[in-house]
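The values are calculated or read from the model by the stated rules, or taken from the named source; none is laboratory data. Please read these numbers as outputs of a predicted model, since none were measured by experiment. Every residue, glycine as well, gets a Cβ built from its backbone with ideal geometry; the counts of neighbours run over all protein chains shown. With ligands, DNA and RNA removed, areas are computed over all heavy atoms of the protein, side chains included. Shrake-Rupley method; radii C 1.70, N 1.55, O 1.52, S 1.80 Å.
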Amino acid sequence: LETLADKKPSLKLDKRTYSTVINAYAKSSEFKKAHNAVAILNRMEPAGVTPDVFTYTAVINACAFSHRKEQSYGIALEILQRMRELSNDISDAAPNSITYKTMLQACTNLFQHDSPKRDEEVERTFEWCKEDGMCCDMVLLQLKRAASQSLLSQLVGGDVANLEVITSEDVPSEWSRNIDRRLIQR
């Protein structure tokens, strides 16, 4: 990026540029995509560019579809924890429903279906999502894919867990209190 910017001074390296490169890694078949996405993220602040929720979520997405499963999940978790810590000071960094859906996707992709570690990480992610009031339909759909049936029953209740499709109407409104309904289409 920096080399390209040196060659073409009119190219401005801003949040959008960095996020686009990270998204490109996420969609690539690059073996070290999670590592490369974090490397780009780590170049932002020294360049005077502050990452936002979209940038951080793009890194988690790169991790979710990475070949290095255990290492990639560790990176994704570290990014989500950083976002939650930063959200007190920088609201642009606060995880949103897409962040939580993407993190649940990482759990689905990076852990074996019957793994206790998968359920442990799904539970942690969903508890944080509820705490932050970011549970929407797409999060609940991904939760249903990620969690074992027993964990799903524990998290949302047995009757709700048995529904074919779980929507935000089926769970306490407190869980989605911070969702901007104008941005979420059902």
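Within the accessible area of the chain, what % is carbon and sulfur when the probe is 1.4 Å and the other protein chains stay in place?
Exposed carbon and sulfur together represent 49 percent of the surface.
Under 25 °C and 0.890 mPa s, how fast does the range 9-82 diffuse according to Stokes-Einstein, given a Kirkwood radius computed over C-alpha pairs? Answer in µm²/s, whole number.
203 µm²/s
With charges only on Cβ, +1 for K and R and -1 for D and E, what is the dipole size of the chain about its Cα centre, in debye, rounded to 20?
So the dipole magnitude of the chain works out to roughly 840 debye.
Of ARG84, ARG68, ARG16, which has the most accessible area and how do the rest follow, probe 1.4 Å?
My answer, sorted largest first, is ARG16, ARG68, ARG84.
Measure nothing but the geometry: give the 0 to 90° angle between the long axis through the Cα atoms of 69-86 and the longest principal axis through the Cα atoms of the chain, rounded to 10°.
Result, in degrees: 90.
If you count, for each residue, the other Cβ atoms within 10 Å and average over each peptide, how do 135-142, 31-38, 155-162, 54-61 line up from highest to lowest?
54-61, 135-142, 31-38, 155-162
Helix 53-64 sits at what angle to the longest principal axis of the chain, using alpha carbons and giving 0 to 90 degrees rounded to 10?
For 53-64 against the chain, the angle is about 70 degrees.
So between GLU127 and SER29, what do we pick up on full extension, going 0.36 nm a residue minus the alpha carbon distance?
Computed gain between GLU127 and SER29 is 32.1 nm.
Using only the alpha carbons of the chain, what is the convex hull's orientation-averaged projected area in square nanometres?
11.4 nm²
Please state, as a whole number in µm²/s, the translational diffusion coefficient that the Stokes-Einstein equation yields for the range 99-186 at 25 °C and 0.890 mPa s, with Rh defined as the Kirkwood radius across alpha carbon pairs.
191 µm²/s
Okay, helix-only estimate at 222 nm for the chain: each DSSP H run of n ≥ 4 adds -39500 (n - 2.57), divide by all residues, round to 500 deg cm²/dmol; what do you get?
-18500 deg cm²/dmol
Remind me, relative contact order of the chain in percent, using alpha carbon pairs under 8 angstrom and six or more residues apart?
15 percent
I'd like the accessible area for GLU127: 1.4 Å probe, protein heavy atoms, all chains in place, Å² to the nearest 10.
Estimated to the nearest 10 Å², GLU127 gives 70 Å².
Leaving out ligands and nucleic acids, and using a 1.4 Å probe, what accessible area per residue does the chain come to in Å²?
Result: 54 Å² of accessible area for each residue.
Evaluate 2.2 N^0.38 Å with N set to the residue count of the range 25-130, then give the Cα radius of gyration divided by it.
For the range 25-130, the normalised Cα radius of gyration is 1.02.
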